[in-house]
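Student: This is the structure, below, for whatever I ask next.
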Amino acid sequence: MRRFVVLGHRAITSADFKLDDLSGSTGRLDILLRCVNSAFFISHDIRRDVEITLMLLGEPRPPKTVRIVGSEVKYLNPDERSTAALIRNALLQRPSGEKRTSPGIYVSERSYSEVLSNISKESQMHYLKEDGEDVRQCAFGDDNTFVLGDDQDLTDEEEKTLMEYSPKKISLGPISYHADHCLTVVNNELDRRRNASLR
């Protein structure tokens, strides 16, 4: 299993936004939408062994947490607008606990610390951080969770919370990448390793 937890520090937490203005009216929810695409889509299919959790932390009612499960999801298409419509539908709900809003898509009001505490203890926790160990030198197990920010780094408090889980800090390369590109690089690295192990 591959899990991604992406913090959207300004991402809107209401359904009151226009699908035709995703980069201007949603607190950069568009960044998280691109992360969804990078997490799941491959040529003519989606990854079934991937799960992504989007932490929406902007106005007006943070936090809102949207979890997408590759083994269950339907109606997910590679354009940002249709993914935004699925998330907008999720944000219309007032969940008590975690609520399924369409196949493979769940919404809740879980906090960041609650999201981390609900991840399987069998999963290796990784913090995507520019000063970490080179990803090509890292060992990975069968179950991995990767935590990253959107276009902003984790705050000191968010980093402190994450460090309670003793994550391995991982650098993906010598320069900074967009958040969605980070997911692509991670998927590529794990794909290569899986393919090598099958030879």
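Derivation of every value follows stated rules applied to the coordinates shown; laboratory data play no part. This structure is a prediction, so every number in the text was calculated from the model and none was measured. Cβ sites come from the backbone with ideal geometry, for glycine too, and all protein chains shown count toward neighbours.
Student: Let me check I've understood the local charge: for Asn77, count other residues with C-beta under 14 angstrom from its C-beta, Lys and Arg +1, Asp and Glu -1. What total comes out?
Tutor: Neighbourhood net charge equals 0.
Student: A follow-up question, please. Just want to confirm a number: the relative contact order over the chain, from Cα pairs under 8 angstrom separated by 6+ residues, in percent.
Tutor: Computed value for the chain: 24 percent relative contact order.
Student: Mind jotting down the distance between the C-alpha centroids of region 72-133 and region 1-55, whole Å?
Tutor: When both Cα centres are located, 9 Å separates them.
Student: Let me ask another. Rounded to the nearest 20 debye, what is the charge dipole size of region 2-197 about its Cα centre when +1 sits on each Lys and Arg Cβ and -1 on each Asp and Glu Cβ?
Tutor: Around 620 debye, computed over region 2-197.
Student: GluC sites (Glu not before Pro) within region 118-163: which are DSSP loop residues with at most 14 other Cβ atoms inside 10 Å?
Tutor: Sites meeting the loop and neighbour criteria: Glu122.
Student: At a 10 Å Cβ-Cβ cut-off, how would you order His9, His178, fewest neighbours first?
Tutor: Ranking His9, His178 by Cβ neighbours within 10 Å, fewest first, gives His178, His9.
Student: I've got another one for you. Give the lysines whose C-alpha is closer than 30 Å to that of Lys18, dropping any in the same chain fewer than 8 places away, or say none.
Tutor: Reachable lysines: Lys64, Lys74, Lys99.
Student: Give me Ser111, Ser176 sorted ascending by neighbouring Cβ count inside 10 Å, so fewest comes first.
Tutor: Ordered from fewest to most neighbouring Cβ atoms within 10 Å, Ser111, Ser176 come out as Ser176, Ser111.
Student: A follow-up question, please. Looking at [x] 46, 40, 31; [y] 55, 39, 36; [z] 79, 42, 28, which value of Cα extents along the principal axes in Å comes from a calculation on the structure shown?
Tutor: [x]
Student: List the GluC sites (Glu not before Pro) in region 1-91 that DSSP assigns to loop (not H, G, I, E or B) and whose Cβ has at most 16 other Cβ atoms within 10 Å. Which are they?
Tutor: Listed in order of number, the matching sites are Glu72.
Student: Note the angle between two axes, namely the Cα long axis of helix 80-91 and the longest principal axis of the Cα atoms of the chain, as a number of degrees from 0 to 90, rounded to the nearest 10.
Tutor: Orientation of helix 80-91: about 70 degrees from the principal axis.
Student: Around Cys182, under 12 Å between beta carbons, what's the net of Lys plus Arg minus Asp minus Glu among the other residues?
Tutor: Residues near Cys182 contribute -3 overall.
Student: Percent antiparallel among DSSP beta bridges with both residues in the chain, to the nearest 5?
Tutor: 40
Student: Could you check the spin-label model distance between Arg194 and Arg136? Points 7 Å from the Cα along Cα→Cβ, value in nm.
Tutor: If labels sit at Arg194 and Arg136, their model points lie 2.2 nm apart.
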